[in-house]
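Single-structure report; data block below.
The values are calculated or read from the model by the stated rules, or taken from the named source; none is laboratory data. This is a predicted model, so every value here is computed, not measured. So basically every Cβ, Gly included, is an ideal-geometry build from the backbone, and we count neighbours across all protein chains shown. The area values use the complete protein model at the heavy-atom level, side chains included, leaving out ligands, DNA and RNA. Shrake-Rupley method; radii C 1.70, N 1.55, O 1.52, S 1.80 Å.
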Number of protein chains: 4
Amino acid sequence: MSNADFIRGLADIGAWGVSFHDDDLMTFGAPESQRRAELDAFKKVLDETGVVCSMATTNLFWHPVFKDGAFTSNDRNVRRYAIQKTLRNIDVAAELGAPTYVLWGGREGVESAASKNPADALSRYKEALDFLCGYVNDKKYEIRFALEPKPNEPRGDTFLPTIGHAMAFINELEFPDMVGLNPEVAHETMAGLSFFQGVAQALWQGKLYHIDLNDQKIGRFDQDLRFGSEGIKDDFMLVRLLENSDYNGPKHFDARPYRNEWGNGIWDFARGCMRTYLALAAKAREFDQDPRVKEALSAASVPELAESTVGSYSTATADRLLNEQFDVAALAARGYANEALDQLVIDRILGIS
Amino acid sequence: MSNADFIRGLADIGAWGVSFHDDDLMTFGAPESQRRAELDAFKKVLDETGVVCSMATTNLFWHPVFKDGAFTSNDRNVRRYAIQKTLRNIDVAAELGAPTYVLWGGREGVESAASKNPADALSRYKEALDFLCGYVNDKKYEIRFALEPKPNEPRGDTFLPTIGHAMAFINELEFPDMVGLNPEVAHETMAGLSFFQGVAQALWQGKLYHIDLNDQKIGRFDQDLRFGSEGIKDDFMLVRLLENSDYNGPKHFDARPYRNEWGNGIWDFARGCMRTYLALAAKAREFDQDPRVKEALSAASVPELAESTVGSYSTATADRLLNEQFDVAALAARGYANEALDQLVIDRILGIS
Amino acid sequence: MSNADFIRGLADIGAWGVSFHDDDLMTFGAPESQRRAELDAFKKVLDETGVVCSMATTNLFWHPVFKDGAFTSNDRNVRRYAIQKTLRNIDVAAELGAPTYVLWGGREGVESAASKNPADALSRYKEALDFLCGYVNDKKYEIRFALEPKPNEPRGDTFLPTIGHAMAFINELEFPDMVGLNPEVAHETMAGLSFFQGVAQALWQGKLYHIDLNDQKIGRFDQDLRFGSEGIKDDFMLVRLLENSDYNGPKHFDARPYRNEWGNGIWDFARGCMRTYLALAAKAREFDQDPRVKEALSAASVPELAESTVGSYSTATADRLLNEQFDVAALAARGYANEALDQLVIDRILGIS
Amino acid sequence: MSNADFIRGLADIGAWGVSFHDDDLMTFGAPESQRRAELDAFKKVLDETGVVCSMATTNLFWHPVFKDGAFTSNDRNVRRYAIQKTLRNIDVAAELGAPTYVLWGGREGVESAASKNPADALSRYKEALDFLCGYVNDKKYEIRFALEPKPNEPRGDTFLPTIGHAMAFINELEFPDMVGLNPEVAHETMAGLSFFQGVAQALWQGKLYHIDLNDQKIGRFDQDLRFGSEGIKDDFMLVRLLENSDYNGPKHFDARPYRNEWGNGIWDFARGCMRTYLALAAKAREFDQDPRVKEALSAASVPELAESTVGSYSTATADRLLNEQFDVAALAARGYANEALDQLVIDRILGIS
């Protein structure tokens, strides 16, 4: 399918934005004049359809030049080429008005642990990020970077494998405020981690810059399933979290139709992603407005977790706490009524009452 | 087995230090006089044997009072009690000279995602940590805290599930320099993540304060197997990393004998942990001194990853890079000779040449 | 809670049957007279409440005598004791009218692969099963055995880890028609296998004798969650399969309340299991009667899979097939419309239209 | 690389046999004359090098015609075409003298569970197998079939996902004695199952017809790593099992070089597979001859597991057993000395003493 047909199709089913990586848009290795023409054609379709360019990224994983990594390839020239390719595409992103630039380090990893000193790899990763931030600052672009963590595939073990590792890494950068996250359902779920909790931590740390919605079974290859087609309960909690948060970036469906799909099936797939998201968002509102839910949250002491435990430290506060008497047996005997609360979640998902 | 017999047994097989949690040492809920006597008895055995107290921790997971969490229980009184219990044991840790205080939040999590607002949970977690740091500063204790991440078990999903999430969280604390990590082989491995890479990132970020060595198969219950009994290659890489690093904290074997073991078997187990660690350390030295390994590392361009890629950003550097011509086809065609390098790792582990 | 209160509570919430293992019912190691009295008390409550005894089993996993296994312990006396304990409880099962006797070999496995010759272990397993079948035949009891597979926990690796391994093993027994399966959602899911497909194969082979319904996340400890609380889509497909099959054994909820639950929470939990099962069964009927579903199944050629491909072998049939011309390109180009069909599954689960 | 160069390269590094699938050998869809020429060229190189054709298989997974399955595609014509393609290649296998014909049903599965009735799928699978066996019998070929199970990838959930499920299925076939297994390290390990135990059960049931050796981490995409490069302990136990068994089929290395490998690296890889296999085989012999190992096996009562527990059933035997008195406390108190035994395994792997 041509890019133009693809964007027109998206517009037809009601999509608001589209993302791209450089090699989707402009032929890899083509002369500048051809790349310019391809880019202009793309911009024209955006204009015609009103679809916005919500995110851009560099393809640093498909071409065999990146088989040992891009920013962390053992070959210095590959690393330099990867940064050059990214700088060039940042110019394109700026021209298209993409506010977020995603970096998925799909090839930044190893099969044999001895094949890279991980400290060197992290230092080179940081060096690349610092350079890219320097460029954006220099050019006065309004662009923020979003790292997309993934535990493995195509590499045996990827650097920055989870939301946590990526956020920890950002703290070591020269411009930590310019770099956040683009977490993806499938990637965090591959490691059996709770995507809901990971996104919640990213929000809590102010680092949710973009999000990739799809679906996945734990502990297997990257499936990129239709959003809402697999982990329905997790997806409900995620949608409720996003809808109740101040996140206002794109809800980006980075998924793929089943491989035995064809023709109209890809639009069934795209519509399904949006349909289920909207249905879950409506259910989240119903859930939060249901008086039985409020009662169940209260029985589970959920609101009490928002109360400060001890406040800021002072010697006096510590003394008071040390002298307090607790009825440990009584505290141990109370229940938390989580089964009833969780059944209300299931009831809402199933639409039964 | 009594604490005294246990420590004497450890001394006999050549252990240097021992760790404790409060309820191991002093009877839970006993009057102060009894606790004092139990503590004095413990100190006496340490003195007699020369075994040092290398780490202390609070048991915030065994007693049913903590069934919904400790620092993040929905019940504010449970949270207050958990902090009180920890403060009391920090005094004991200081008296015993333990330089590191481990916090494993085994109960800080959920089964039902709706049962805690994760942002509230993280805020309460931070509040507790800030308070504990305040106390240590106030008392002028020489103690640092080490968080021990774990993805699940006994809770369905734990907050701060991995090395990464815990390091990211530390950055939000009031005293981030007082808090680091106590990663554990089994915990990171449960999620299928590379413990080697996680520890390397912790070292790179200056956050490896303590380490728990044991073994584990991916994707199952917390096995706490004898160190070196399962992931031999990962263990080799880990030992090499630790031995070549500036980490000088304890190598803490936090493992358990097989459950069908009995009597002398537990000493077979303890000796085995140390025996395999030392054997792998010797093999790591041989590996690093082997000229064939140096050659193979060079063929894989491993040393080249230590070279700066582009240096700090400047407009001139960026311009130069943007104008550089790369022979992409040639860069894509080169191999990285990782199979030969990795076989040398296997050869060294097997002791064949 | 006493057994009597437990059964009365189950009767109150509408449960039809109850299962037991010997040590639940009669005190382990107690004199015969006490065991008789305990058994009579149990029978009396069953009579009063009308709750039937739908299944019986032996506890061969709790007592430390079984720490190395029961039928496959390396100690021959432990193996003999395990068979004796089972024979005795088969008499009880017969007295209580339990038609199915479950054997969960929770301790039949290893941590160290060298600690048992697996061929010997399987031969001892078979020997025990053959003996138990011989006893049941000799006594003319109306009892069938159901093996409950599990991949690990508490052992590192269990023998007969999945539905498949257990069915394959049954084929080697002296009385294969007396032995079938009791698959459990959590156990098969721990290994990331599709429980739905496993149960379907067991039905196809005529081996579904009993079923344990609960819930579980892939790749972690045995969670025994409330049925329908986790893998909602898999649960829907499972309920549809059971309801459309000729399986008429018990739907046995072998689950546990969350561990922070208490008091009435356990009844919330038990009610939830049944509530969600019934809701999914109603949704399965709606799904199968929905004309859009019939159309989507047809578009996906689902009914065509019920048609014979080639029939029985004959030389003539083979010749005809070898001479047939296929339009491979056309066959490759068709789609299977699975996204639309799958979205109808999700729509039915969510109750949207 | 041409087939000729590949076989000559294998001969140079000492390989005994080679396997093929039809599309490797003969161009897909080419006219008969071209296919004949390609086949003759292949036979010539086999003759020249002395390399034997140890196994053949059909490619029923690469071409998009198989995107919904081959023997279990919902499209009856695809199913017929898949059987036709296999029959044709069975003739080639017979001509090349391949004693084993492998069937890996990589596409036989689903992403959406509703898209196939699994009972229909298993019936069609059986129908195909019965037909293939009929053909081999009719032609009087000396060929046995070996099913290769895999839990997922490229499909979301594959039919016959493990060694166990495949063996159970074989029992339902018309000619069960003509069909066995080709288990693969990577496939069983993906599901976290013990490959060692699976192969042991296959041997115990007389169903190990062929074996695919490679390596894999649990719970991730199909890695096909160099044999011996990952699960060293499992690999040691596997090699010991094979070497001590009566299995005399090929040891088939079905692995791939790391994807950043190139040029000579693929021979490093192939040599490494064989080198490590032979090293582990030598270590297995040393292990079994070591008097300390014999002592440790005896302390763990390993030989006692080979002793009959109760023998065949008779009323008299049952009566005797029911009247036997066991000292349960003493049986519970004994240890099984598995830690010492397992450390000897590790010592042998590491080559330390």
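Of note:
- Residue count for region C:296-316, restricted to those that are free of Cβ contacts under 8 Å to residues at least 40 places away in the same chain and under 14 Å from residue C:345 (Cβ atoms): 1
- The set of residues in region D:8-27 that are farther than 21 Å from residue D:211 by Cβ and open to solvent by 50 Å² or more (accessible area, probe 1.4 Å) comprises D:8, D:12, D:27.
- Condition met for residue A:229 (assigned by TED's automatic domain parsing to the domain that holds residue A:336 and among the small types (Gly, Ala, Ser)): no
- Contact map, region D:327-346: first residue more than 7 Å from chain B (Cβ to nearest Cβ), second residue open to solvent by 10 Å² or more (accessible area, probe 1.4 Å), Cβ cut-off under 6 Å, separation 6 or more or different chains; pairs are D:331/C:77; D:332/C:64; D:341/D:296; D:344/D:296.
- Members of region D:165-189 found to be under 14 Å from the mean Cα position of the chain (by Cα) and either of a type outside the set (Asp, Glu) or outside the structural domain of residue D:245 (by TED's automatic domain parsing) (or both), listed by number: D:165, D:166, D:167, D:179, D:180, D:181, D:182, D:183, D:185, D:186, D:187, D:189
- Residue match in region A:73-83 (condition: in contact with a Pro (Cβ under 9 Å, 6 or more places away or on another chain), open to solvent by less than 10 Å² (accessible area, probe 1.4 Å) and either of a type outside the set (D, E, K, R) or not assigned by TED's automatic domain parsing to the domain that holds residue A:268 (or both)): yes
- The numbered conditions (1) facing chain C (nearest Cβ under 8 Å); (2) within 17 Å of the chain's Cα centre (by Cα) are all true for residue D:208 except (1).
- Options B:246, B:234: the member that is without any contact (Cβ under 8 Å) to a residue 60 or more places away in the chain and assigned to a helix (DSSP H, G or I): B:234
- Filtering C:157, C:138, C:120, C:91 for residues that are assigned by TED's automatic domain parsing to the domain that holds residue C:64 and in contact with a Leu (Cβ under 6 Å, 6 or more places away or on another chain) leaves a single hit, C:120.
- Pairs meeting the criteria (first residue in region C:95-121 and within 7 Å of chain D (Cβ to nearest Cβ), second residue in a loop (DSSP other than H, G, I, E, B), beta carbons under 6 Å, at least 6 apart or on different chains) are C:111/B:258; C:111/C:156; C:115/D:300; C:121/C:72; C:121/C:159.
- Considering the conditions (1) open to solvent by 20 Å² or more (accessible area, probe 1.4 Å); (2) closer than 22 Å to residue C:98 by Cα, residue C:209 is excluded by exactly one of them, (1).
- Flag for residue C:281 being open to solvent by less than 30 Å² (accessible area, probe 1.4 Å) and either touching a Lys or Arg at 6+ places or on another chain (Cβ under 7 Å) or farther than 18 Å from residue A:269 by Cβ (or both): yes
- Tally, over region D:78-94, of residues that are more than 7 Å from every other protein chain (Cβ to nearest Cβ) and without any contact (Cβ under 8 Å) to a residue 60 or more places away in the chain: 6
- Lone qualifier among D:141, D:125 - being over 18 Å from the mean Cα position of the chain (by Cα), among the hydroxyl-bearing types (Ser, Thr, Tyr), buried (at least 24 other Cβ atoms within 10 Å of the Cβ) and over 16 Å from residue C:195 (Cα atoms): D:125
- Set side by side, the residues A:5, A:68 differ, and just one is free of Cβ contacts under 8 Å to residues at least 12 places away in the same chain and either crowded, with 16+ Cβ neighbours inside 10 Å or assigned to a helix (DSSP H, G or I) (or both), which is A:5.
- Subset of region A:171-203 (residues that are surrounded by fewer than 24 Cβ atoms within 10 Å (Cβ to Cβ), at the interface with chain B (Cβ under 8 Å from one of its Cβ atoms) and aliphatic (A, V, I, L, M)): A:203
- Of all residues in region D:211-231 being under 21 Å from residue B:349 (Cβ atoms) and not in a loop (DSSP other than H, G, I, E, B), the one that is farthest from the chain's Cα centre (by Cα): D:225
- Selection status of residue C:259, of a type in the set (D, E, K, R), assigned to a loop (DSSP other than H, G, I, E, B) and crowded, with 24+ Cβ neighbours inside 10 Å: no
- Top-ranked residue of region C:28-47 - restricted to ones that are in a helix (DSSP H, G or I) and either in contact (Cβ under 8 Å) with a residue 12 or more places away in the chain or in contact with a Gly (Cβ under 7 Å, 6 or more places away or on another chain) (or both), ranked as surrounded by the most Cβ atoms within 10 Å (Cβ to Cβ): C:42
- Residue match in region A:48-56 (condition: of a type in the set (Gly, Ala, Ser) and over 30 Å from residue B:320 (Cβ atoms)): yes
- Subset of region B:144-156 that is more than 9 Å from chain A (Cβ to nearest Cβ) and on the phi < 0 side of the Ramachandran plot - its residue that is most open to solvent (accessible area, probe 1.4 Å): B:144
- Residue list for region D:217-236, filter: open to solvent by less than 10 Å² (accessible area, probe 1.4 Å), more than 9 Å from chain A (Cβ to nearest Cβ) and closer than 21 Å to residue D:164 by Cα: D:235
- Of the residues making up region D:287-326, those that are within 7 Å of another protein chain (Cβ to nearest Cβ), of a type in the set (Gly, Ala, Ser) and in a helix (DSSP H, G or I) number 2.
- Residues that are closer than 17 Å to residue B:242 by Cα and out of contact with any strand residue (DSSP E or B) (no Cβ under 8 Å at 6 or more places or on another chain) within region B:160-195 comprise B:188, B:195, listed in sequence order.
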